[in-house]
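First the structure, in the form of C-alpha cells, and then the observations on it.
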Ligand SMILES: [Zn+2]
C-alpha cells in the first residue's frame, strides 16, 4: 500500500485522484466512486466504508485495522492518511484502489 501522510487542518479536501470525485465531506458523508476501497478512523474496528470486506481476516486482539491493511494491501492501493495536528491523536484514512 502506498501511503501519503497529510496534516488535517480542518480545511483539507480530498478528492479521488483518479476520477476527481470528492469522496467525503466535512460531516463525514461518504460518496462512493469506483476507486474508493476503504475509509476508517484510527483505533476503531468499524470502518466508515469497506468495499472489499478488507478486515475479514483481521485478528482484533493482535492488530489495528490500519496496520493490518498496510501490511496486507499491495501497491495497487493508495492511502491518504490524515493526522490531526498535535496534541490530537486522531488518524483518518482513505484508501483508493489504483485501477489500470
Ligand atoms: Zn474515483
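From Cα pairs below 8 angstrom and at least 6 apart in sequence, can you work out the relative contact order of the chain, rounded to a whole percent? Don't skip to the end; give the middle numbers.
Values: 171 pairs, mean separation 36.7, N = 100.
So the answer I get is 37 percent.
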Hey, rough spin-label estimate for residue 33 and residue 13, points 7 angstrom out along Cα→Cβ, what's it come to in nanometres?
-> 1.3
Peptides 13-22, 65-74 ordered by average Cβ neighbours within 10 Å, highest first = 65-74, 13-22
When DSSP assigns beta bridges and you keep just the ones with both residues in the chain, what percent turn out antiparallel, to the nearest 5?
-> 75
Amide N proximity, the stretch 71-92 versus residue 4 label position 7 Å along Cα-to-Cβ, cut-off under 15 Å | 76-83
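Tell me, rounded to the nearest percent, the portion of alpha carbon pairs in the chain spaced more than 16 Å apart.
Working: 2700 of 4950 pairs.
Every Cα pair in the chain considered, those over 16 Å come to 55 percent.
Throughout, read-outs are computed from the coordinates displayed, never taken from laboratory work. Since the model is a prediction, treat every value here as computed from it, not as a measurement. Note that we place each Cβ from the backbone using ideal geometry, even for glycine, and neighbour counts take in every protein chain shown.
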